[in-house]
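Report on the structure given below.
Each reported figure results from applying straightforward, stated rules to the coordinates on display, with no laboratory input. Bear in mind that the values here come from a model prediction, so they are computed numbers and not experimental data. Note: ideal-geometry Cβ built from the backbone for every residue, glycine included; neighbour counts use all protein chains shown.
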Amino acid sequence: MSYFKGYSQVIAASILYGLIGIFIKLITDMPIGSIIFFRLLFALGAITLYLALSGRFFELKLTEKKSYLLMLGLFEAAAVMANFYSIRYTTVSVAVLLLYTTPIYVTLLSPIVLKENITRRSIIALMISITGVVLVVQPQTLNGINIIGVALGLASGILFALMILTSRKIRDIYSGTAQATWSMIVSLIVFSPFAFAVSMDVLNNHMQLLILFGLIPTAIGGILYFSGLRLIKAQSASIISLIEPVSAVVFAFIILSEPIAIATVIGGVFILLGAGLISRENTSNQ
């Protein structure tokens, strides 16, 4: 039943990732780059403590394909930045929709990169889930939207797809914890200049939120996601991760009291249907 464990881990991670927007909304007076840096810093601290208490530091030992770990971290850092600038130059809804084109790229590239077959079930689930994402985010027309922002939004989707494919390439060498840890280390180095872009007073005011941000969606979510990727197909993981925008909408309603439109509810049902369809794939396809 390892495939079921993999689906459960990716679903749990996607739900936790839905909290990311909540933390960004609550941390209002810090540059996004600084938020990302301290989020990674506290996440890395939490993972280090977890590895120390569980005696699992051996999982971080570098063996084969070290360059893939570097690529994983660079893809993650670039994807986050592309998504942020897409939001800045367009709108949140357009940026989210463009980010969640990731399953399309994974489905198209996995037969080439990973030699995974594209099944009829995958195609149907992909179409159902993408329809749901469109309904959830209800993107505005692109007329008048900055073309650079659109390009960066598409780039963020491609970069996240490359993250998924890279992770799958090294799943038999590095555990999900190792992948999450090394990708965070690389990303932390990339974002380190932003550590000096915020005052100590502002940092202290948001310390609790930053610690929770680093612990819950980043550390726990990252470990669950990369661990799940080792057990299921990349196509399946990318489609199941479409649960994230649904969880983000639900969390926004519960925590921020943001209203939920009927189209959002219908879209959420589509996404869950797509995720459920792909999760029932025969284990012989894993």
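Numbers at a glance
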read-out: Segment 111-133 and segment 159-208: distance between their alpha carbon centers, rounded to Å; value: 28 Å
read-out: Neighbour net charge for ILE112 - beta-carbon separation under 14 angstrom, K R +1, D E -1; value: +2
read-out: About the Cα centre, charge dipole magnitude for segment 2-285 (Lys/Arg +1, Asp/Glu -1 at Cβ), debye; value: 760 debye
read-out: Highest-first arrangement of 178-184, 251-257, where packing means the average Cβ count within 10 Å; value: 178-184, 251-257
read-out: Pairwise Lys count, the chain - Cα closer than 18 Å, eight or more residues apart or different chains; value: 7
read-out: Whether segment 1-63 is rounded, prolate or oblate, judged on the alpha carbon gyration tensor where a/c under 1.5 counts as rounded; value: oblate
read-out: Ratio of Rg to Rh over the chain (Cα coordinates, Kirkwood Rh, two decimals); value: 0.95
read-out: Efficiency of FRET between ILE124 and LEU70 - r from beta-carbon atoms, R0 35 angstrom, step 0.05; value: 0.45
read-out: At 0.890 mPa s and 25 °C, Stokes D of segment 20-129 from Kirkwood alpha-carbon radius, µm² per second; value: 141 µm²/s
read-out: Added length on full extension, which subtracts the Cα-Cα distance from 0.36 nm per residue, PHE58 to SER8; value: 15.5 nm
read-out: Three-way shape call for segment 211-262 based on the alpha-carbon gyration tensor, with the a/c threshold at 1.5; value: oblate
read-out: Segment 2-285: relative contact order as a whole-number percent, Cα under 8 Å and 6+ apart; value: 42 percent
read-out: Segment 1-137: relative contact order in percent, alpha carbon pairs under 8 Å with at least 6 residues between; value: 16 percent
read-out: Sorted by Cβ neighbour density within 10 Å, fewest at the top, the residues PHE58, PHE4; value: PHE58, PHE4
read-out: Axial C-alpha extent at least 27 Å, average Kyte-Doolittle at least -0.5 - helices from the chain (DSSP); value: 32-54, 66-89, 147-169
read-out: Separation of the ASP29 and ASN205 label points, Cα + 7 Å toward Cβ, nm; value: 0.2 nm
read-out: Dipole magnitude of segment 17-81, debye to nearest 20 (Cβ charges: Lys/Arg +1, Asp/Glu -1, about Cα centre); value: 120 debye
read-out: Helix-only [θ]222 nm of the chain, DSSP H runs n ≥ 4, -39500 (n - 2.57) each, per residue, nearest 500; value: -23500 deg cm²/dmol
